[in-house]
Structure formats: C-alpha cells, structure tokens
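Here is the structure we will look at.
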Amino acid sequence: MTTDLRIKDFKRIVFFTGAGLSAESGIPTYRGQGGLWHEYDWETYACQKAFDRDPAAVWKFHNMRRAAVAACAPNKAHLAIARCEALLPDVTVVTQNIDGFHPLVGSRNLFELHGSLWRVRCDTCGAIKDNRDLPFEDLRCGKGWWRPDIVWFGDHLREDVIEGASKAISACDLLVSIGTSGVVYPAAQLPRLAQRAGAVTIEINPEPTPMSDAYEVCLRMGASEAMALLCQGLDV
Ligand code: OAD
C-alpha cells in the first residue's frame, strides 16, 4: 500500500517508534528473526529480580548492549523525524527505544517510555544520572546499586512520561507509528488514543502487527523508505 498523505499537511504530529526504527542502523530488534529475546532470557538479564540476584551479570548484558549501540549510528529515518521537529511547529516523539538515537540526532520534544541505556538510577536512593561509560563498572551508589534507567519487565513506566505521551497522542492530528510489534503494554495501547480522538494514523512496518487495525494506512516497507515518502514536500 502507498499513500498520498504527507506530514507537512498536518498540524500536530506524533511519531511513535519501536525497535524496527533502529533495525536499519544494525541494532537487532527484540522479536522476530534475530530478535534479542530469542537469544537472551529476560528473566536472567532484564528484570529487578535478576538484578537483585546478580547485578554484575545484568550489567554485563547491558554493557554488551551499550557497546552494540555505540558501534552503530542513527539512520535516515531518525534524521527525518528530527528534521520534521526542526521544520514544523508541533512534533512529538514517543519512543519505546532505549538506544538514545532520537536525542542524539536532535529530537527534543521526546518521551522515552522505556528509559535509556545511557542513564543510570540508584535502586536505593533513586538518584538518576547520565552516563556513557563503556563499560559501566562503578556499580555502587552509597548503600545502593546503580542500575540501568530502563523499564525492565515488571517495572512501572514513569507516570510523568506516560502522562505527557498520552496527552500529546490524544491531541495529535497525525500519528505515525514506526517499527513496533505492538505487543508490549502499556505502550502498545497508546496509538488507540489517537485513533479514538479522530487523528489520521499510519503504521510503518514491513509486517502486519496485532495493532494494525488501529491504523488507517499501513505502509509495508522499511522505516527510511516510508519516511522519505511521507516527508515529500519538506526539506528533510
Ligand atoms: P519488537 O522487536 O517487538 O518489534 C520490532 C518491529 O519492527 C517488528 O514488528 C518488525 O516487523 C519491525 N521492523 C523490522 N525491521 C523494520 C524496518 N526496517 N522498518 C520498520 N519496521 C521494522 O520491538 P518493539 O515493538 O520496540 O522493552 O518492542 C517493544 C519493547 O519490547 C521494547 O521497548 C523492549 C522490548 O522488551 C524494553 O527495552 C524495556
């Protein structure tokens, strides 16, 4: 399917992004062929219980992920999204990605629903700091431990982040979802808010997803090809 819809014709735009956006950068997605959760068991590496049991093992996994992301670079689709924000008055990015590529290319009006690989949080005092060490090895914070500031399985999303994202999505007139399987809640249900509010909704994903029915238009192609199509008429 193709479309005549163009981003420049909308006033309040939300990009809702997932791991498929960074696939063309060389970062593996979580599910599907080559998906991270096929190779690594989240119960061993990506939940608070695992961290309480063995913080060093969990950090080893996240240091591997930091190194993998550091070896890659944002792609044309990340750049096009940031360019839209620079050129248009009201563009918001709501991402499930933790790779930090959106802020790296200049997306500022940004909600990182699942946190960031490049921040750490003390599991005892709650302090948060930016940190880009490769590897991160200074694990102690007073009596506590620095853990990745990521929403692991079983963690709650930050309330201010989910509220801000929900507000932007409920008020948009165009929602473009890019590269998400739509199976991880509560993030997966957010595009429904745009659908209910009467916004135009577009899904960019080479494969259909359980959320495809929430979208008026489904572009079955990769992120950068689809963004080039939707951005026609803009100097991206
Ligand atoms: P998934 O790995 O579940 O899904 C990635 C989606 O991207 C799939 O539907 C693919 O078909 C699609 N895809 C692959 N290549 C693409 C391309 N070039 N262009 C566009 N789409 C492409 O990733 P998410 O939906 O982001 O949580 O996963 C959601 C959450 O589950 C993640 O945030 C992560 C994970 O557990 C945390 O890290 C906390």
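The values are calculated or read from the model by the stated rules, or taken from the named source; none is laboratory data. It should be emphasised that the depicted structure is a prediction, and the values quoted were computed from it without experimental measurement. All Cβ positions, glycine included, derive from the backbone under ideal geometry; neighbour counts span all protein chains shown. The protein model used for the area step is the full one, side chains on, heavy atoms only, and it has no ligands, DNA or RNA in it. Shrake-Rupley method; radii C 1.70, N 1.55, O 1.52, S 1.80 Å.
A few comments on the model shown:
- Boolean, G233 is on the phi > 0 side of the Ramachandran plot and within 15 Å of the chain's Cα centre (by Cα): no
- Residues of the range 157-166 satisfying the condition of being in contact with a helix residue (DSSP H, G or I) (Cβ under 9 Å, 6 or more places away or on another chain) and open to solvent by 20 Å² or more (accessible area, probe 1.4 Å): L157, I162, S166
- Single residue of the range 74-95 satisfying the filter (free of Cβ contacts under 8 Å to residues at least 60 places away in the same chain and within 15 Å of the chain's Cα centre (by Cα)) that is nearest to I13 (Cα to Cα): A82
- Subset of the range 143-196 that is away from the ligand (no atom under 16 Å from the Cβ) and not in a helix (DSSP H, G or I) - its residue that is farthest from V14 (Cα to Cα): K143
- Note on the range 93-140: enclosed strands (runs of 3 or more DSSP E) holding 1 or more residues that are modelled with pLDDT of 95 or more, open to solvent by less than 70 Å² (accessible area, probe 1.4 Å) and among the small types (G, A, S) are 115-122.
- Residue within the range 186-203 that is hydrophobic (A, V, I, L, M, F, W, C) and within 30 Å of P55 (Cβ to Cβ) present: yes
- Selection status of D138, in contact with a strand residue (DSSP E or B) (Cβ under 8 Å, 6 or more places away or on another chain) and in the same structural domain as A67 (by TED's automatic domain parsing): yes
- Scanning the range 225-236 for residues that are within 9 Å of the ligand (Cβ to nearest atom) and open to solvent by 30 Å² or more (accessible area, probe 1.4 Å) gives a single hit, E225.
- Selected residue [at negative phi, open to solvent by 50 Å² or more (accessible area, probe 1.4 Å) and in the same structural domain as R6 (by TED's automatic domain parsing)] from D213, D173: D213
- Helices (runs of 4 or more DSSP H) within the range 5-54 that include 1 or more residues near the ligand (Cβ under 10 Å from one of its atoms) and crowded, with 16+ Cβ neighbours inside 10 Å: 36-39
- Applying the criterion of being open to solvent by 30 Å² or more (accessible area, probe 1.4 Å) and basic (K, R) to the residues of the range 55-82, the residue that is farthest from the ligand (Cβ to nearest atom) is K60.
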